[in-house]
Amino acid sequence: MYAFDLLQKRTELSPDTVALVDTATAREYTYPQVNERSSRLAEFLTRELRLSKGDRVAVLCQNCTECIEILYASAKAGLVMVPLNWRLSVAESQSILDDCTPNALFYDDYCLNAAQHLTVQDKHFIGFRSPELPDGHFDYEQALASASGQIVVMPERDFSELWYLLYTSGTTGKPKGVLQTYGTTVVNALNIGFATDLTSRDTTLNLLPQFHAGGLNLFTNPTLHAGGTAMIQRSFEPSETFRLLAERATMFFGVPAVYLFLSQHPDFEKTEFAQMRSWSCGGAPMPVPLLEMYASRGIVIRQGMGMTETGPTCFLIDEKNAVTKIGSVGKPQLYVQTRIVDADGIDVKRGEAGELMMRGPGITPGYWNMPEATKAAFTSDGWLRSGDIAREDEDGYYYIIDRAKDMYISGGENVYPAEIENVLYACPDIAEAAVIGVPDKKWGEVGKAVVVPKPGHTPTEAAIVAFCAERLAKFKVPKTVIFMESLPRNASGKVVKPELRALYGK
């Protein structure tokens, strides 16, 4: 199958529709304007910088409309975009650049200092929103202005062709560049678009980092496919997010941490979201008490599940059952197959826990320059090993129990920290919680809870242990409790448990 030039198609079909809104600057661009700006950039990259098909271009910036223009300019020119995590150190970013060997680096004003300490193959640097650029660096807007303005139409591209690379967070080792093809992106737009009834009448608020699958594909790219308007928020700021959700957005996808922080905002109870018709979450298991809190306000959050390797959409629960099946991620979406298997790769019985496996046209073909990692991630017949422990109920709804690597064994019993964390989130004294397994001479491993108290609350270790003991089997109850001011989280909002294990895992 082939992908066609989305911006050119949308220019013809939706010439008067606003495609992108940069909420930090209030700049708005229609589909023809985005198409022209992306064409100008594609011309600059191929004519001025002499980049050719397959070359990589890296992007180091906070969320912005320029990143989307670079993505579609890359498609028009046959290049591969590599968005970088702007929260990484210079050394970490350079390691990724050394791995993907880009010929050019785009950066914004926020990342100017880091960009000056990075190197790329052809030493091409393009900055935007910076009042002063280092000598030899190109100015983004001047680069666009230097082009002819003639529209560059992307030729047909096979679904299997590489479009962009998304590097994993590296919490389990060296970051891996996950191959994102044209097919991966189109299939995700179909999976999430059908699941949410996304149309040209929708305006989505996009604040997940654009160097992650969610930042590009929940919902920015699907919104552009549907002909709607994608608002890009520079980074998560609760008050601004409240305003945008209340005034203009119709759809929103956030990670649990975002919903948690929004629920703790002083405006949570009094803010109305009259135009909002769809709320979704993913990236990590959503604590059931948090889902219930939103439901009590009439806000039904649809939980889903996916991975960078899956585009990301695999699951999203239907709104009708989001409350009755609370905690479920729903059923597999249209263009994905799933299995739940035991340690030997044999399908488990319905209701039993096992590793979730996925297969379909939206699954990545593998990792950049890592054939062994690619081979290890897939079975011989093409099933992707998710690393998630899941179960399917009698109605076909899936539940993600926990990450396989986070499970620990206490006295011969498998313990899933997410189950304990759900209980901790129900404690009125606790704002945030995480559980890790630590060595124990008697039981092999036991649980250690790491919690952040709510402002003005001073829970004790004994009180928290007692709270859990009333609600959990004895072997699941944490034996110790550590108090922190905040939990370490990565850019996608997930708790960085390797850091907790390094601090408290002994």
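Computed from the coordinates by the stated procedures, all read-outs in this text should not be read as laboratory data. As the structure is a computational prediction, the values presented were derived from the model and not from experiment. Counting neighbours? That spans all protein chains shown, and the Cβs are built from the backbone with ideal geometry, glycine included.
Looking for something in contact with a Ser or Thr (Cβ under 7 Å, 6 or more places away or on another chain) and buried (at least 17 other Cβ atoms within 10 Å of the Cβ) - is there at least one such residue anywhere in segment 477-490?
Yes; the residues of segment 477-490 include at least one that is in contact with a Ser or Thr (Cβ under 7 Å, 6 or more places away or on another chain) and buried (at least 17 other Cβ atoms within 10 Å of the Cβ).
Which members of segment 457-506 meet the condition of being over 30 Å from Asn85 (Cα atoms), within 33 Å of the chain's Cα centre (by Cα), assigned to a loop (DSSP other than H, G, I, E, B) and hydrophobic (A, V, I, L, M, F, W, C)?
Leu472, Val477
Going through segment 42-58 one residue at a time, which ones are touching a residue at least 60 places away in the same chain (Cβ under 8 Å) and either part of a helix (DSSP H, G or I) or under 19 Å from the mean Cα position of the chain (by Cα) (or both)?
Ala42, Glu43, Phe44, Arg47, Glu48, Ala58
Considering only segment 412-419, I want to know if a residue exists there that is surrounded by fewer than 20 Cβ atoms within 10 Å (Cβ to Cβ) and part of a strand (DSSP E or B).
yes
For segment 98-117, which positions are assigned to a loop (DSSP other than H, G, I, E, B) and either more than 22 Å from Glu141 (Cα to Cα) or basic (Lys, Arg) (or both)?
Passing the criteria: Thr101, His117.
How many residues does segment 281-319 hold that are within 28 Å of Arg471 (Cα to Cα) and not β-branched (Val, Ile, Thr)? Give the steps one after another, and end with the answer.
Filtering segment 281-319 for residues within 28 Å of Arg471 (Cα to Cα) gives 281-305, 317.
Add one more test, that the residue is not β-branched (Val, Ile, Thr), and what stays is 281-287, 289-298, 302-305.
So the count comes out to 21.
Can you find even one residue in segment 17-24 that is surrounded by fewer than 21 Cβ atoms within 10 Å (Cβ to Cβ), in contact with a strand residue (DSSP E or B) (Cβ under 8 Å, 6 or more places away or on another chain), under 24 Å from Thr181 (Cα atoms) and not small (Gly, Ala, Ser)?
No - not one qualifying residue is present in segment 17-24.
Go over the candidates Ala257, Ala249 one by one and state the one that is touching a residue at least 12 places away in the same chain (Cβ under 8 Å) and buried (at least 22 other Cβ atoms within 10 Å of the Cβ).
Being touching a residue at least 12 places away in the same chain (Cβ under 8 Å) and buried (at least 22 other Cβ atoms within 10 Å of the Cβ) holds for just one of Ala257, Ala249, which is Ala249.
In segment 263-370, which strands (runs of 3 or more DSSP E) lie fully inside it and hold 3 or more residues that are of a type outside the set (Ser, Thr, Tyr) and farther than 30 Å from Ile430 by Cβ?
The strands (runs of 3 or more DSSP E) meeting that bar are 337-341, 354-359.
Take Thr101 and decide whether it is touching a residue at least 24 places away in the same chain (Cβ under 8 Å), of a type in the set (S, T, N, Q) and over 30 Å from Tyr367 (Cα atoms).
It is false that Thr101 is touching a residue at least 24 places away in the same chain (Cβ under 8 Å), of a type in the set (S, T, N, Q) and over 30 Å from Tyr367 (Cα atoms).
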